[in-house]
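Enquirer: This is the structure I have questions about; it appears just below.
The values are calculated or read from the model by the stated rules, or taken from the named source; none is laboratory data. Given the structure is predicted, the values throughout are model-derived calculations rather than measurements. Every residue, glycine among them, receives a Cβ derived from its backbone with ideal geometry; neighbour counts consider all protein chains shown. Just the protein is used for accessible areas: all its heavy atoms, side chains included, with ligands, DNA and RNA removed. Shrake-Rupley method; radii C 1.70, N 1.55, O 1.52, S 1.80 Å.
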Amino acid sequence: MPGRKFADGEVVMGRWPGSVLYYEVQVTSYDDVAHLYTVKYKDGTELALKESDIRSQSSFKHRKSQSSSSSPSRRSSSRSRSRSRSPGRPARGRRRSASQSREHKDDKKKTIQETSLALPVLVLFKPSENNTKRYNGEPESTEKNDTSCIILEQKLKPDLEIKRVLEQYSLRSRKDDKKKEEIYSEKKTFMAVKPIEKVPSKTKELEFGGRIGTFMLMFLLPATVFYLLLMCKQDDPSLLNFPSLPALESLWEGRVFGVFLLWFLLQAVFYLLPIGKVVEGLPLSTGRKLQYRINGFYAFLLTAAAIGVLLYFQFELHYLYDHFLQFAVSAAAFSLALSIYLYVRSLKAPEEELAPGGNSGYFIYDFFTGHELNPRIGSFDLKYFCELRPGLIGWVVINLAMLLAEMKIHNLSVPSLSMILVNSFQLLYVVDALWNEEAILTTMDITHDGFGFMLAFGDLVWVPFVYSLQAFYLVGHPTNITWPVAAAITVLNCVGYYIFRSANSQKNNFRRNPADPKLANLKFIPTATGKGLLVTGWWGFVRHPNYLGDIIMALAWSLPCGFNHILPYFYVIYFICLLVHREARDEHHCKQKYGLAWERYCQRVPYRIFPYIY
């Protein structure tokens, strides 16, 4: 690791974030982990700056000394020598020309120094107002103010800037191309060059237990799914009552696999329909933004219409219940084949298109986490499609099939109250995700994780077959609840949903358009990356309020199943473990990305998920 360049207490020149200018600052400390310097401006403002945003004073003072001391002496001496020489001496013109050349050169340096030092008056905001508070981490400012300097910096094009300075200060016109190039190169020393994003490098920090952990997970995840489904089929689904394994030939049925493929292709057709708006995702490492068509809710409506047609023609939807284990096996086989295809095609993908977390060079690890970030076939984004379409919409269809199966098996004219609650709560969750489809573009799954076995199996197998566990359990183990209990569970789910939705909306709106007037009341801590960390609203309550809402809803989904067995509570237990692990991943990435600003955020918001607990 390279050592630090500037020592504590050293006076240097620091670039003001979001601008093109340097100010005199004093180094107060250095973060070895985030590689950020904490510097203090003359007005007391303290910021965390990258080493690339700090320069030594010598690079500025050297130019000033040349133009203020050396140049005038040279001009004086050359003028005195020119006046003392005889007009008839042959070398007079040549030496005078050299003197004028030095004079012009010195004037040019002085002029450039004066205009460069005058630029703060022309282009920069007042440091003593809200912007100073914003970069100091004070809560008085809003992201609306934060965008002013970014927009201003984008407008400062070199050619226009030189023209404006020349006109305002009445500089002598120089049409010589060489001198224009010198002016431009001199000016560049005072301009902050926008850093070019680096392409993904090799993944050094391995997650999920590294190569051994990911290898074991590839067997543990499918085994867990099949174990849960076999347990639900038993009359006594106690943990100590291990289910008997079915014959292998009973796990596979070609017709079931054909139905699964038909379902997958149907959702792909709905995805390709030219309906819904097209939006841009977050910038990639190269600065490019991919386009996504937002039509998941339309796909859900079309799917509902297709299911309605099938039911109208007396199609037995409880076929899903009768062959549930075979459907799970078919989905697992398909996800494995898809994962192999994704890894093989990723071997030919350019370096800049690889996932930051799945480029370790180890086959097992990259195969599990995903080697390519956004695998596409033309405009068809495979990862984005699988995130919300086949599995999430399939989850609702499976719940409906379980509801119909319960009515048929138990000869009910209407579904049980427990089954209605489970179906209603989870339907709301899925519809919310599809209605707010654009929000998924800012999640870690899209921006960081590659598309490999982990997401392919999770999207196509884990979500539809594990998340529907409560409905599957209720078919074989009916549970009666009273209306007051149902009302209390409904209130609990509504509270969780409100926290989940309002927190996610707050975050997504701030990321998409921090200058939105509706967000003017939000306070945040600025970072060296130019982004802000919210410290008010839900994000000032705990660091991951959306996780808190998710866990509350998960509990509400399990409560209608009663307390006879722990099996229907697997989802909430698993979900707590999942979100705690994901929170740890977020914590690690944010600390690396934001450095000192993240430490300040953690001081302001000490609780991670559960207030006053964790």
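Enquirer: Checking Leu248 against (1) surrounded by 16 or more Cβ atoms within 10 Å (Cβ to Cβ); (2) free of Cβ contacts under 8 Å to residues at least 12 places away in the same chain, which test does it fail?
Expert: (1)
Enquirer: Does Tyr569 satisfy the condition of being out of contact with any Lys or Arg (no Cβ under 8 Å at 6 or more places or on another chain) and in the same structural domain as Asn509 (by the TED database)?
Expert: So Tyr569 passes the test.
Enquirer: What pairs can you find where one residue is in segment 426-443 and over 17 Å from Ile499 (Cβ atoms), the other is outside any helix (DSSP H, G or I) and not charged (D, E, K, R), and their Cβ atoms are less than 7 Å apart, with a gap of 6+ or different chains?
Expert: Cβ pairs passing all conditions: Glu437/Ile294; Glu438/Val279; Glu438/Ile294; Leu441/Gly281; Leu441/Leu282; Leu441/Tyr292; Thr442/Leu282.
Enquirer: Scanning segment 470-499 for residues that are closer than 14 Å to Gln426 by Cα and not assigned by the TED database to the domain that holds Leu325, which turns out surrounded by the most Cβ atoms within 10 Å (Cβ to Cβ)?
Expert: Asn493
Enquirer: Report whether or not His410 is under 18 Å from the mean Cα position of the chain (by Cα) and not assigned by the TED database to the domain that holds Asp586.
Expert: Details: under 18 Å from the mean Cα position of the chain (by Cα): no; not assigned by the TED database to the domain that holds Asp586: yes.
No: the conditions fail for His410.
Enquirer: Just a yes or no: is a residue in segment 402-412 of a type in the set (S, T, N, Q) and at negative phi?
Expert: no
Enquirer: Let me ask something else about it. Go through segment 32-58 and give me each residue that's open to solvent by 30 Å² or more (accessible area, probe 1.4 Å), touching a residue at least 40 places away in the same chain (Cβ under 8 Å) and not in a loop (DSSP other than H, G, I, E, B).
Expert: Glu46, Lys50, Glu51, Ser52, Arg55
Enquirer: Arg585 versus (1) under 22 Å from Leu417 (Cβ atoms); (2) in a helix (DSSP H, G or I); (3) of a type outside the set (Phe, Trp, Tyr): which is the lone unmet condition?
Expert: Of everything listed in (1) under 22 Å from Leu417 (Cβ atoms); (2) in a helix (DSSP H, G or I); (3) of a type outside the set (Phe, Trp, Tyr), Arg585 misses just condition (1).
Enquirer: Quick check: is even one residue across segment 298-316 more than 30 Å from Thr529 (Cα to Cα) and of a type in the set (D, E, K, R)?
Expert: yes
Enquirer: Given the criteria buried (at least 20 other Cβ atoms within 10 Å of the Cβ) and either under 24 Å from the mean Cα position of the chain (by Cα) or under 20 Å from Trp462 (Cβ atoms) (or both), does Leu336 qualify?
Expert: no
Enquirer: Here are some conditions: (1) open to solvent by less than 30 Å² (accessible area, probe 1.4 Å); (2) touching a Pro at 6+ places or on another chain (Cβ under 6 Å); (3) in a helix (DSSP H, G or I). Val542 meets all but one. Which one does it not meet?
Expert: That leaves (3) as the condition not met.
Enquirer: Quick check: is even one residue across segment 274-295 open to solvent by 80 Å² or more (accessible area, probe 1.4 Å) and among the hydrophobic types (A, V, I, L, M, F, W, C)?
Expert: Looking for residues that are open to solvent by 80 Å² or more (accessible area, probe 1.4 Å) and among the hydrophobic types (A, V, I, L, M, F, W, C), one finds none in segment 274-295, hence no.
Enquirer: Looking only at segment 385-422, count every residue that is of a type outside the set (A, V, I, L, M), part of a helix (DSSP H, G or I), more than 29 Å from Leu290 (Cβ to Cβ) and open to solvent by less than 30 Å² (accessible area, probe 1.4 Å) and tell me the total.
Expert: 3
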